[in-house]
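Below is one structure, written out as structure tokens; comments come after it.
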Amino acid sequence: MRTAYGVETVRAAERDLMARLPEGALMQRAAAGLAAACADLLGRGHGRVYGSRVVLLVGSGDNGGDALYAGARLARRGAGVTAVLLAPERTHAAGLAALRRAGGRTVGITDMDAGSGPWADTGAVAAVRRADLVVDGIVGIGGKGGLRPAAVPLAEAAERSGATVVAVDLPSGVDADTGEVRGTAVRADLTVTFGTHKPGLLVDPAREYAGSVRLVDIGLDLPAGTAGSPGPVLEALQHADVARLLPVPGAESDKYRRGVVGIAAGSARYPGAAVLAVAGALRGGAGAVRYVGPAAQDVIARFPETLVSDRGPKHAGRVQAWVAGPGAGDDAGPVAEALAADVPVLIDADGLRLADASAVRARSAPTLLTPHAGEAAALLGVEREEVEGGRLAAARELAGRYGATVLLKGSTTLVADPGDGRDGRGDGGGEGTAVRVNPTGTSWLATAGSGDVLSGLAGSLLAAGLPARDAGSVAAYLHGLAGRYAADGAPVGAHDVAAAIPAAWRDVTRG
């Protein structure tokens, strides 16, 4: 399991560790890991560290100190290292002294006028433009908002330069706790983070700025999470975690013991949504799929093993979970009947618009809502851009407002339970469970019907007995992996994704 902790929890762990270590030892650990990562990049990209041109963008905090000490290590290996000091009077003194002893040089930005233009000919920006590698040590994990004006031209020059950009702990200008980016931020090729992942490294839009992420163990003792000790804010399942959660039939299993999932989907206008939801459900581990709706002939023609009914969810027969809403059009009846059932229910697509919010909140059985950003925005009464810019906050807000588990689809899919982050601190709070973030997927999954497949898959896992949080996150993981297999670098249709789910399942279970 990959985990990410909030800023305050990380800082508390750092203080506890520093109290037990010699002064400066923790920073030296971080700097050693950072320098090793930079040396690896220089060795791959330029064949050697010796003679490479390295520029450090140094702010006033500890990230600047990490960059300076790492720069000193690279300078001792023969790199030409230049430190751009954004706040010379507040630069980490010991780190700066170490860099100078190793032969590094410094340049300031005092000749920059924050309102005068691109500064293309100043010493600082010219150094960045000539660099082989740029180390971003401008702002630490406590930074809020975008970059300050004086740092913007340096970030822009680094992006245009062709140099490899390495961020210290996280890219400057992104919010470590929320993954939000409010203004200009550094775009890194690699982020070297210390002790634990930060939420902003796993959630878009900030994740897009981080590039690849390399975690350096510096010995932090991080809490698992109790009522008085906040645990991780985010967690990302890995293959082994998913394998442990997948349902496996036993020797005495039959189709009913394995679970029956009901699919209430499709309409005269959108029969394909029913077919695709059933396709996902058939590959999700339940023993049988029961379909109700107007697309029965289309479903049977494609999947003759499906059990069909035209009587609606209330009279359809035994199920262990319902999926309602994909392609439903304006028919709210099946959604309402599914919500009235005392079994887990997944609501997707049109069902999110048709479902009565009070009926969702009143349910005692688990409910899983699976909106994309536009649907989430409509449910929250905000603009889509607000959801896309603050995905973590939106998922938590929806889960709390509806008293349901929420799977927020998108470039980084999140799964939030109603209690996640409910104390408002944004650090996990110790009361709710960590929000799950899905690490698999591909941009080729942005295709019509892909969400219908995901809904059927997750519904099948609900029927097989997984809790809503696990069903949503396991389904997202397999769906993303299947998307990669199906696409293989080329466009795919949703039916291709459904067909690739067994391959993804086998990959996970075979390790």
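Computed quantities for the displayed model
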| item | result |
| --- | --- |
| In Hz, Karplus ³J(HN,Hα) per residue of segment 249-255 (6.51, -1.76, 1.60; θ = phi - 60°; x = Gly, Pro) | x, x, 5, 9, 5, 10, 5 |
| Charge dipole (debye, nearest 20) of segment 142-261; +1 at Cβ of Lys and Arg, -1 at Cβ of Asp and Glu | 180 debye |
| Size of charge dipole - segment 234-346 - debye, nearest 20, with Cβ of Lys, Arg +1 and Asp, Glu -1, no other charges | 240 debye |
| Solution diffusion estimate, µm²/s, Stokes-Einstein, segment 152-234, Kirkwood Rh from C-alpha pairs, 25 °C, viscosity 0.890 mPa s | 182 µm²/s |
| Longest to shortest principal axis, alpha-carbon extents of segment 338-474, angstrom | 36, 34, 27 |
| DSSP bridge orientation in the chain - percent antiparallel, rounded to nearest 5 | 15 percent |
| GluC sites (Glu not before Pro), loop per DSSP, at most 10 other Cβ atoms within 10 Å - longest free stretch of the chain | 24-251 |
| Pairs of alpha carbons in segment 1-55 whose separation is greater than 12 Å (percent) | 74 percent |
| 29 Å tail of the calculated P(r), the chain, as % of Cα pairs | 54 percent |
| Segment 1-91, accessible area per residue, ligands and nucleic acids excluded (1.4 Å, Å²) | 44 Å² |
| Part-to-part distance (alpha-carbon centres) for segment 359-375 and segment 433-474, which is given in Å | 14 Å |
| Accessible surface of the chain, 1.4 Å probe, proportion on carbon and sulfur as whole % | 48 percent |
| Only Lys, Arg (+1) and Asp, Glu (-1) charged, at Cβ; the chain dipole about Cα centre in debye | 1180 debye |
| Low-density loop positions, trypsin sites (Lys or Arg not before Pro), segment 1-53 - DSSP coil, at most 11 other Cβ in 10 Å | Arg20 |
| Kyte-Doolittle mean at least -1.0, axial Cα span of 24 Å or more - DSSP H helices of the chain | 25-46, 468-487, 494-510 |
| The chain: relative contact order as a whole-number percent, Cα under 8 Å and 6+ apart | 13 percent |
| Inverse of mean 1/r across different Cα pairs in segment 58-193, Kirkwood, Å | 14.7 Å |
| Within segment 300-351, trypsin sites (Lys or Arg not before Pro) in DSSP loop having at most 12 other beta-carbon neighbours inside 10 Å | Arg311, Arg318 |
| Listed residue (Asn438, Val382, Leu398) projecting farthest to the positive dipole end of segment 335-468, Cβ model | Asn438 |
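The values are calculated or read from the model by the stated rules, or taken from the named source; none is laboratory data. Remember, predicted model here, so these are calculated numbers, not experimental data. Note: ideal-geometry Cβ built from the backbone for every residue, glycine included; neighbour counts use all protein chains shown. Surface accessibility is based on the protein's heavy atoms, side chains included, excluding ligands, DNA and RNA. Shrake-Rupley method; radii C 1.70, N 1.55, O 1.52, S 1.80 Å.
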